[in-house]
Each structure stands twice: as C-alpha cells, then as structure tokens.
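Colleague: Below are the structure tokens for one structure; questions will follow.
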Amino acid sequence: MTENAKRVAVVTGASRGIGRSIAQRLAKDGRHVVLVARTESALNDVKHGIEANGGSASVLAADIADPKAFASAIEKIAETHGRLDILVNNAGITKDGLALRMSDEDWNAVIGTNLTSAFVAIRAAARAMMKGKFGRIVNISSTSGVVGNAGQANYAAAKSGLMGLSKSIARELGGKNITCNVVAPGYIETDMTQNLPQQVKDHVMGMIAVKRFGTGEDIAAAVSYATSDEAGFFTGQTIVVDGGMTMA
Ligand code: NDP
C-alpha cells in the first residue's frame, strides 16, 4: 500500500492509557491514526510522539458522550481523508457504586459514554467503510462485561452491551468486508486503575495467572491483529486479554 493510500484508523480515548498504546501500535502498523478525546493538548503530545517515531497521526478533540457532535466528528474524519478503514471505540469511564445506591445519572453517564458512543461511531463510520469495501471495528470492553463485577452494574452492562452490539454489526456488515470484534482487557495499569485501594489490587493480582498487571501494549497487540488486513475471517468475537484472570 502506498503512503497516499494509508489506511485511516480512528482511536477514541487516545490521549492516555490503553487508547494511547493502541494509537501508537496502529501507527507502527502503518496506519494514519486519528486521535480522539476531549483534551486536545494531551492528544497533541501523543501525535508528536507518533510522528517522532516515523508514524502519521492527526488530532480531533471531541466529546463522545455528545452523540450529535461525535457523529459529526466521525463524518468529518471520513470526509477529510476520503476514507475511514479502522474504528477503535476505546474511550470509557467508570462511575462505580452498588446497584441499590446507584443514581440514574451515574447509570446513564456510563451507558452513554461506554456503549451508546460506540453505536453512534459505528453508524457514522459504516458508510465510508462500505464505500471503501473494507472495515475493521474493535470495541474495547472489559472482563467486567464478561463475568460481571460487584459495584459496576452500569459499567458491566455497558461493556457486555458492546458484545451484543459487535455480534449484530458483524452479522449486518460481514458481507461488506467489515468485521466487528471486541477486546476485553483485564486489569491494566492506567489512570483508570491507579487509585484503586491496595487491598483490591492485591486481591486482583492473586487471580492473575501470569502474575503481573497488564499494559496498554498487551491490549494494543490484540487490537493490531483484529484491525489487520489479514483478519478478514475473524468477526463477532471477544478476545479476553487478562493474563488468565477469568478464563471465562
Ligand atoms: P483512562 O481513564 O486512562 O483513559 C480514558 C480515555 O478516554 C482518555 O483518553 C480520555 O480522554 C477518554 N475519554 C473519557 N471520556 C471521554 C469522552 N466523554 N469523550 C472523549 N474521550 C473521552 O482509561 P483506560 O486507558 O484505563 O481505559 C481505556 C478503555 O479500556 C476504557 O473503555 C476502559 O473501560 C477499558 N478497560 C480498562 C481497564 C483497565 O484496567 N484500565 C480494564 C478493562 C477495560 P479525555 O479525558 O481527554 O477526554
């Protein structure tokens, strides 16, 4: 593939954590990566890092919890580049609490940011993917969505919802050479997990077969495969990358 025909990949939540690692990996794989999150300065830092390593990236600040604005952002990316080949819905939030005490606000915020945003992005990106006769969609879920987690009813519902969404999209768009899969990380060391009590971290470590916490690179490696040209026969699946924590 020539430089001009680089595949264009959108990665949400690319300003830090797992999303940053995914963006860096896809750039290394030769993609032009469009970095999406709310904090433009952090996105610019990631872009400069990618470029310093010989990769290609651009920045688009957007709030994925605002469906109209996010859909327009995705459409704008496809229009600007004349294509959109890869979509990684990675951005996510937690608002933990026991279900009986959980507010409607915390439920809706987590469902909106973690699940509805993925649907909105896929719907907005599908036209360009169909036009290009190629699409690779990856939704970042969580082991909480696979096996559930006390205190995370909203988050687990959203992350589990991504699996149903992905299987349905895989069935709807498979005939157009568009695949849709899920990568479900276990415990990964990022801003999202750093403030968990030490007791919780010790408990989790006890359940991890490989006896270490995961890194963004561990997740990026799975995303790299699922978004590759050669993964055309791989769709509707969930890859759990958790060091053997759940083995569900
Ligand atoms: P971080 O909290 O470290 O990063 C979250 C990213 O999402 C940031 O780039 C943030 O950027 C972006 N983001 C959050 N809300 C919005 C929004 N409304 N609009 C646009 N961007 C937004 O999270 P992780 O890297 O740890 O997690 C990434 C994904 O992996 C999430 O979906 C998470 O649920 C999942 N996951 C993480 C695990 C872990 O152990 N860390 C385990 C299992 C799953 P900004 O604030 O600038 O908008």
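Colleague: Counting only other residues whose beta carbon sits under 12 Å from that of A222, what net charge do I get with K and R as +1, D and E as -1? Walk me through the numbers before you get to the answer.
Modeller: Numbers: positive: R25; negative: E217, D218, D242.
Computed value for this residue: -2.
Colleague: Under a crude label model (7 Å from the Cα following the beta-carbon direction), how far is T39 from D104 in nanometres?
Modeller: 3.2
Colleague: Something else now. Subtracting the Cα-Cα distance from 0.36 nm times the residue separation, let me have the gained length for M207 to S72 in nm, one decimal. Please report the intermediate quantities before stating the final value.
Modeller: Values: separation 135, 0.36 × 135 = 48.60 nm, distance 4.22 nm.
Gain in length upon complete extension: 44.4 nm.
Colleague: Another one. Would you work out what percent of the accessible area of the range 158-248, with all protein chains in place, is carbon or sulfur (probe 1.4 Å)?
Modeller: 53
Colleague: As I understand it, the value is the acute angle between the Cα axis of helix 216-226 and the longest principal axis of the Cα atoms of the chain; what does it come to in degrees, rounded to 10?
Modeller: Between the helix axis and the principal axis of the chain, the angle is about 50 degrees.
Colleague: Ordered by residue, what ³J(HN,Hα) values in Hz, to whole numbers, does the range 67-72 give under the Karplus form 6.51 cos²θ - 1.76 cosθ + 1.60, where θ = phi - 60° and Gly and Pro are x?
Modeller: My calculation for the range 67-72 gives x, 5, 5, 5, 4, 5 Hz in order.
Colleague: Further, regarding this structure: Under a GNM of the chain (C-alpha, springs under 10 Å), which listed residue has the highest mean-square fluctuation: A69, A91, A37?
Modeller: A69
Colleague: With a 1.4 Å probe and all protein chains left in place, how much of the accessible area of the range 1-131 comes from carbon and sulfur atoms, in whole percent? Walk me through the intermediate numbers first.
Modeller: Details: 3090 of 6560 Å².
That fraction is 47 percent.
Colleague: Write down the accessible area per residue of the chain in Å², having rolled a 1.4 Å probe over the full set of protein chains.
Modeller: Values: 12020 Å² over 248 residues.
Solvent-accessible surface per residue comes out at 48 Å².
Colleague: What fraction of the DSSP beta bridges in the chain is antiparallel, stated in percent and rounded to the nearest 5? Can you show the working numbers first?
Modeller: Values: 0 of 30 bridges.
Expressed as a percentage, antiparallel bridges in the chain total about 0.
Colleague: Let me ask you something else. Starting from the 7 Å offset along Cα-to-Cβ, what nm value, one decimal, do you get for the label separation of N195 and V147?
Modeller: 2.6
Colleague: Any chance you could tell me what percent of the C-alpha pair distances in the chain go past 28 Å?
Modeller: Details: 8306 of 30628 pairs.
That fraction is 27 percent.
Colleague: Show that you can apply the helix-only estimate: for the chain, add -39,500 (n - 2.57) for every DSSP H stretch of four or more residues, divide by all residues, and state [θ] at 222 nm to the nearest 500. Before the final figure, lay out each step's value.
Modeller: Numbers: 10 runs with 115 residues, N = 248.
Result for the chain: -14000 deg cm²/dmol, rounded to the nearest 500.
Colleague: Taking the Cβ-Cβ separation of S168 and H48 as r and a Förster radius of 51 Å, what is the calculated FRET efficiency to the nearest 0.05? Before the final figure, lay out each step's value.
Modeller: Numbers: r = 38 Å, r/R0 = 0.75.
Calculated value: 0.85.
Colleague: Please go through the residue pairs K47/K133; K68/K131; K47/K131; K28/K95; K6/K133; K47/K159 and name each one whose alpha carbons sit more than 24 Å apart in this structure. All intermediate terms of the calculation are to be shown ahead of the outcome.
Modeller: On the way: K47/K133 28 Å; K68/K131 22 Å; K47/K131 27 Å; K28/K95 33 Å; K6/K133 15 Å; K47/K159 28 Å.
From K47/K133; K68/K131; K47/K131; K28/K95; K6/K133; K47/K159, over 24 Å: K47/K133; K47/K131; K28/K95; K47/K159.
Colleague: What residue among T39, T227, T179 shows peak mean-square fluctuation when the chain is described by a Gaussian network model with Cα springs under 10 Å?
Modeller: T39
The values are calculated or read from the model by the stated rules, or taken from the named source; none is laboratory data. Quick caveat, the model's predicted, so the values are computed rather than measured. Neighbour counts run over all protein chains shown; Cβ positions are idealised from the backbone, glycine included. Accessible surface is based on the protein model in full, side chains and every heavy atom, while ligands, DNA and RNA are left aside. Shrake-Rupley method; radii C 1.70, N 1.55, O 1.52, S 1.80 Å.
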